[in-house]
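The values are calculated or read from the model by the stated rules, or taken from the named source; none is laboratory data. Quick caveat: nothing in here was measured; it's all calculated off a predicted structure. Positions of Cβ are generated from backbone atoms using ideal geometry, with glycine treated the same way; all protein chains shown enter the neighbour counts.
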Amino acid sequence: MTTGGYSAKVTMRLIIEGRSLAVSQAGPDMLILTEPATLPACEGEFELTIDATTRRWPASIKPQPQASRELKVDFGSLCG
């Protein structure tokens, strides 16, 4: 027996200071980047695309002492 399945195409990225960084995982107060990055405390935007629908949220990046894949982030309202 076969069932009709569907896999959505999902991409996530963090846009900061003109840079676009690929995100592999997102949580309520953190992002895990595909590649390590050193970022200052700054404002950016988290972008989530599911199939052809894109949504963006403000993201305040907390300071990182060294290059890391995991970033602490304060998101704007994710419910809006």
Residues (more than 17 Å from Val10 (Cα to Cα), surrounded by 12 or more Cβ atoms within 10 Å (Cβ to Cβ), hydrophobic (A, V, I, L, M, F, W, C) and in contact with a Ser or Thr (Cβ under 9 Å, 6 or more places away or on another chain)) located in the stretch 50-80:
Val73, Phe75
Among the residues of the stretch 58-80, which ones are in contact with a Leu (Cβ under 6 Å, 6 or more places away or on another chain) and assigned to a strand (DSSP E or B)?
Ile61, Arg69, Leu71, Val73
Looking at the stretch 24-49 only, could you name the residues that are assigned to a strand (DSSP E or B), in contact with an Asp or Glu (Cβ under 8 Å, 6 or more places away or on another chain) and loosely packed, with under 12 Cβ neighbours inside 10 Å?
none
Test: Thr11 is modelled with pLDDT of 95 or more and out of contact with any Phe, Trp or Tyr (no Cβ under 7 Å at 6 or more places or on another chain)
yes
